[in-house]
């Protein structure tokens, strides 16, 4: 079995285990009452996750790991041109993962600032509930832009392939985890938040209140919100009942798959 197949199998295995685990915990220990969750939005969320994977594979067959390997072979990027460092050393791998995580923080933050990018990203925010499937609800064009951004950063920095595998696994697992409908016990929550983005921290980001939506941008490590002054520690209303999503996309028809794919290109309602 090739390295590529090993990587793909590992990522798929961890993804499947993670989604099963987080959905199971949410089912037995739900934080919010979601007994009347729309089947249409569940179908749309899962379908978008599948479409994005296939769309990316068809449009850009070269994975980020393969691209990183190509950069290494060709000597592209900063780390590949500093003779005094071992680009496969644990310190460089760890630094590479941190750099990618802060890159995703700023990518996320910028999508809330630049109007054309927000039109794409609001497909994610227009989800009126908050559960594990929300973690795969992204517009296909946003996924392509994210790939291009990460590829450009890998090219510029010469990041080792192993760091890409580690980061992509952390990113996808974190997205499933921090969108899940459960909470960490209060006595542990404040300590966990010093290190990672918890569901209770990220749920604030999905509030309909604009100042809360425009905060808590971190995906994996929570430190970036504290460093870049975008951290909100507490929602203005109880999270068990707080309004999730965007006010302009609350209808059942807004949760349809075709509506979500076309949403960025349609005229705003108001």
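Only the coordinates and a few stated rules stand behind these numbers; no lab work does. Because the structure is a prediction, the values reported are computed rather than measured. Glycine gets a Cβ as well: all are built from the backbone with ideal geometry, and neighbour counts include every protein chain shown.
By how many degrees, between 0 and 90 and to the nearest 10, does the Cα long axis of helix 64-74 differ from the longest principal axis of the chain?
Around 20 degrees separate the two axes.
Report the gain in length on full extension from residue 118 to residue 257: 0.36 nm times residue separation, minus Cα-Cα distance, nm rounded to one decimal.
Using 0.36 nm per residue and subtracting the Cα-Cα distance, I get 48.2 nm.
How do the peptides 69-77, 122-130 rank, highest first, by the average count of neighbouring beta carbon atoms within 10 Å per residue?
The peptides rank, most packed first, as 122-130, 69-77.
Can you give me the angle between helix 39-59 and the longest principal axis of the chain, using Cα atoms only, in degrees from 0 to 90, rounded to the nearest 10?
20 degrees
Show log10 I(q)/I(0) for the range 3-265 at q = 0.09, 0.16 Å⁻¹, two decimals, from a solvent-free Debye sum over equal Cα scatterers.
-0.41, -1.30
Does anyone have the angle between helix 3-28 and the longest principal axis of the chain? Alpha-carbon axes, 0 to 90°, nearest 10?
It is inclined by approximately 20 degrees.
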